[in-house]
Every structure is written in structure tokens, then in C-alpha cells.
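K.L.:
Next up is a structure, given as C-alpha cells.
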Amino acid sequence: PASKLPRVGTTIFTVMSQLAAEHQAVNLGQGFPDFAVPARLVDELDKTMRAGHNQYPPMTGIPALRQAIADKTGRCYGWRPDVDAGITVTSGASEAIFDAVHAVVHPGEEVIVLDPCYDCYEPAIELAGARAMHVPLDPLTFAPDWGLVRAAITAKTRMLLINSPHNPSGAMLDAGDMAAIADLLRGTGIFLLSDEVYEHIVFDGARHESVLRYPELRERAFVVSSFGKTYHCTGWKLGYCIAPPALSAEFRKVHQYNTFCSFAPAQHAFAAMIQAEPEHYEQLGAFYEAKRDRFREQLLSTRLKPLPVPGGYFQLVDYSAVSDLDDLAFCRWLTTEHGVAAIPLSPFYENPPPGQRLARLCFAKNEATLDAAIQRLRKL
Ligand code: PMP
Ligand code: GLN
């Protein structure tokens, strides 16, 4: 039978993690922390499973967790979503992105994505029978050119997908970008899907410009986040979507027949954790900023050139002083010959910029892991 996703292979994250394991490489490729989740969270999870919260939770998420998300959103962004009608708990941000696209995008329509972009966007769009229209970000700063986005809008455009802090670059949208998006979408029927999974990992005193801060934007938006990023537990796959009641209603139609509901014990654990320890997410930026600074300092003793990292937990490096290989070949070579796994950027593009020599390194790691990687990178 004809493939529904003819251009899709195994994700670069899986490919590089497998290669890293085969070659005992330090894995700075796939983005996941190698340190412990907060002790309180594990205790809460244990407690809640023993207390018997092991059956189907409500389809939309347990009320205590939706309440905690609403409170946290209010504290962070000055606006509190509707607990019952505006928040849906999902199995990771990935499910939320898939559900949001399928809730409102019809076959034959178009969704604008900004390249480079995270790899789960386009397959979700294609499976909805729609087309991803790729608009390039600036190849050096990864800033959007809203004029180019405007030029990409057609009568078929149904959604604009944004991601800040940005994977893979760490670039962040600012208040000017938010105003530009409002200008672009005003008077159109275009929805906004905002991937904010790195919302709490922002540096240098910057403010995360959540779409939820902006009334004009949030009334047409699906905003998704992930507990995996905020609580160092990417394998738990719990996230959520905040959207106005009418959009949440459509979103839930997809969610209820996709997964129906998400891992109950973790919902109880996060509800307790968010309320008891707001310091955890409040201090996450500082926690990762120290890692970023130390890692960048160490990179100066290698021939890799670090690019700025405003947010997120990925460091882009320019390797042109080391090698003229294309990025896929370079990352394979780095893994197999030098024992450090990295992620090439070209899989994040429809049309990778010719001659781009960038690789992505994840610094959500213990100091010992990063030190071991740096020792190897010094030999390049
Ligand atoms: N969006 C971005 C930008 C990501 O980096 C990730 C995690 N890799 C996701 C979405 C998916 O998050 P989750 O693991 O919660 O599905
Ligand atoms: N989001 C992770 C990254 O960017 C990968 C998640 C996955 O492997 N699907 O590295």
C-alpha cells in the first residue's frame, strides 16, 4: 500500500541515540536530562500509586492538576485559564500538538511552520491531509521574518505554528514578535499553535513571551507545554493544552479518541508538586543557566564555536573549523570516531541552508557527563 508518510523515516533522535549506544558515546544528542527527577515528585508518584490512583482518570485530566495548571499559568502569565473548559491534560506535548492540528485543520489546508522546526509538526499536518508550508528563520539568529510569513499566507492557511524557546536553536520570540503575529492574524480565520515546552528554561533575565499573556492571541490559540521538560522526566510523557473553551471542545474530540486520557499517577504527582514547590519551575532558568555557562566556557577550549543560547537546553555549535562534512556525516563521525553524539540540524528543515555547518548538543546533563564530552571534543 502507498505510505501515508512517504518521506518519513526513523527520527534522527532515535537514530543518534542508537548510534551513541553502539559506540559507547557520550550522548548529547537526543534531548533528555541524565539527572534525577525531584525527590518529592517520586515520593508523590509512589504515594499516589499505593493509594490506588491507577485506573482511568477523567478524559480531560484530573481536576486537581487542571487547577494547579491554572494557578501556575495565572502566576506566570497574569491570566488564569478556565479550569474545566480550557485545559486538557495529554500524553506529552507531542499528543497535544497532534490533537490541536487534527482538531481544526482540514484536508487541503495549509499550516505555516518556521524552519528549522521540531520534527513532529509536519507528520501531524500531513496525516490531517494538510500541507506544511515552510518559512525559513534567519540562518544566523533564528529570528522570524514576519514579512516572509505574511507572504506565505494564502486562502488555505488554517494555522501558524510557533515554538519559543526554540528547538533546536534556543532562540526566543520577543514582545515585538507577539505584536507582529497579532497583526498578521487579525481578521483571519487562522489559528495559532504555540509550542512552549521550554517555557521555564529562559536565561539572562529574559521574560518568556507566552501567547497566554496576549488576549488577542490566546483567543485563537492552542498553547502546549510538557512536564517532561520542566520536571526532568521526559519518559513520563505528560503535557497539556490550554485553549479557549470552543477550541478546547474540538481539541477534546480528538484527544478522547486518540488516547482518551493520560497516565493517572503522574497527574496526581504533578498536581501535588506544582502546588507544593513552585520554586522548582521558578528556579529552572537559573539551574540551566549555570549549566549553559559552564558548558560554553568549556567549549571555548575546543574548536567548536558555540552560538548564543537565549533559552532551552540545547547548544548549537559551528563545527566549520573542524570539518567540512555535511552535518549528518559530521554527527555520525563525531559519534563513531570521537565518542560524542550530537544532532544535525538538517532534519529540522525542508530545505537546509546549503553549507550550514551546525550541530546541536544537549546540556541537560550532569557535570561529569559534560566534562567527559568536553575531554573528547578537545581532541577534535
Ligand atoms: N516540542 C518540542 C520543541 C520538543 O523539544 C519536544 C520534546 N522533545 C516536544 C515538543 C515533545 O514533548 P513531549 O515529550 O512532552 O511529547
Ligand atoms: N524533543 C527531543 C529532542 O529534541 C527528542 C524527543 C524524541 O526523541 N522524540 O531532542
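Please treat every number below as a calculation from the coordinates, not as lab data. Computed from a predicted model, the values in this text were never measured in an experiment. So basically every Cβ, Gly included, is an ideal-geometry build from the backbone, and we count neighbours across all protein chains shown.
K.L.:
Just want the ordering: Glu279, Glu109, Glu350, from fewest to most Cβ atoms lying within 10 Å of their own Cβ.
P.N.:
Ascending Cβ contact count within 10 Å gives the list Glu279, Glu350, Glu109.
K.L.:
Determine, for each peptide in 221-227, 31-37, the mean count of other beta carbons within 10 angstrom over its residues, then list the peptides with the highest first.
P.N.:
Highest-to-lowest ranking by the protection proxy: 221-227, 31-37.
K.L.:
Classify the stretch 44-98: rounded, prolate or oblate, from the alpha-carbon gyration tensor (a ≥ b ≥ c, eigenvalue square roots; a/c under 1.5 rounded; otherwise prolate if a/b is larger than b/c)?
P.N.:
prolate
K.L.:
Rounded to the nearest 500, what is the 222 nm mean residue ellipticity of the chain from helices alone, with -39500 (n - 2.57) per DSSP H run of 4+ residues and division by all residues?
P.N.:
Value at 222 nm, helices only, nearest 500: -12000 deg cm²/dmol.
K.L.:
Let me ask something additional. Over the stretch 1-78, consider all pairs of different Cα atoms and compute the Kirkwood hydrodynamic radius from their mean reciprocal separation; express it in Å, one decimal.
P.N.:
That comes to 17.4 Å for the stretch 1-78.
K.L.:
If the viscosity is 1.567 mPa s and the temperature 4 °C, what Stokes-Einstein diffusion coefficient in µm²/s follows for the stretch 313-380 when Rh is the Kirkwood radius over Cα pairs?
P.N.:
104 µm²/s
K.L.:
Shifting gears a bit: Quick one: work out Rg over Rh on the C-alpha atoms of the stretch 168-224, Rh as Kirkwood radius.
P.N.:
A ratio of 0.97.
K.L.:
Based on alpha-carbon centroids, what's the gap between the stretch 270-287 and the stretch 158-191 in Å, whole number please?
P.N.:
With the stretch 270-287 and the stretch 158-191 each reduced to a Cα centre, they are spaced 27 Å.
K.L.:
Tell me, what HN-Hα J-couplings in whole Hz come from the Karplus equation 6.51 cos²θ - 1.76 cosθ + 1.60 at θ = phi - 60° for each residue of the stretch 320-333, using x for Gly and Pro?
P.N.:
Whole-Hz 3J(HN,Hα) from phi for the stretch 320-333: 5, 6, 9, 7, 9, 5, 5, 5, 5, 5, 4, 5, 5, 4.
K.L.:
Continuing with the same structure: With the calculation restricted to Cα positions, what are the radius of gyration and Dmax of the chain in angstrom?
P.N.:
For the chain, the Cα radius of gyration and maximum Cα-Cα distance read 20.3, 58 Å.
K.L.:
Along its three principal axes, how long is the stretch 258-326 when you only count alpha carbons? Whole Å, largest extent first please.
P.N.:
Per principal axis, max minus min of the Cα coordinates gives 50, 33, 16 Å.
K.L.:
Let me ask you something else. Taking R0 as 45 Å, what's the FRET efficiency between Thr188 and Asp293 from their Cβ-Cβ distance, rounded to 0.05?
P.N.:
For R0 = 45 Å, the calculated efficiency reads 0.60.
K.L.:
So who's got an amide H within less than 5 Å of the one on Asn27, skipping anything under 5 residues away but keeping other chains? H placed 1.01 Å off N, in plane.
P.N.:
Ala341
K.L.:
What nm value, rounded to one decimal, do you get for the distance between Asn258 and Asp145 when each label is placed 7 Å out toward the C-beta?
P.N.:
For the pair Asn258/Asp145, the computed spacing is 3.3 nm.
K.L.:
Over 26 Å between Cα atoms: which of Lys72/Lys229; Lys305/Lys365; Lys156/Lys237; Lys72/Lys237; Lys237/Lys379; Lys47/Lys229 fall into that group?
P.N.:
Over 26 Å apart, Cα to Cα: Lys156/Lys237; Lys237/Lys379.
K.L.:
If you don't mind, there's one more thing I want to ask. Arrange the peptides 48-56, 162-170, 110-118 so that the one whose residues have, on average, the most other Cβ atoms within 10 Å appears first.
P.N.:
Ranking the peptides 48-56, 162-170, 110-118 by packing returns 162-170, 110-118, 48-56.
K.L.:
Scale the Cα Rg of the stretch 130-274 by the rule-of-thumb value 2.2 N^0.38 Å and send over the ratio, two decimals.
P.N.:
Expressed relative to 2.2 N^0.38 Å, the Cα Rg reads 1.11.
K.L.:
Using Cβ counts within 10 Å as a stand-in for footprinting exposure, how do Ser91, Ser346 rank, fewest first?
P.N.:
Lowest to highest Cβ neighbour count: Ser346, Ser91.
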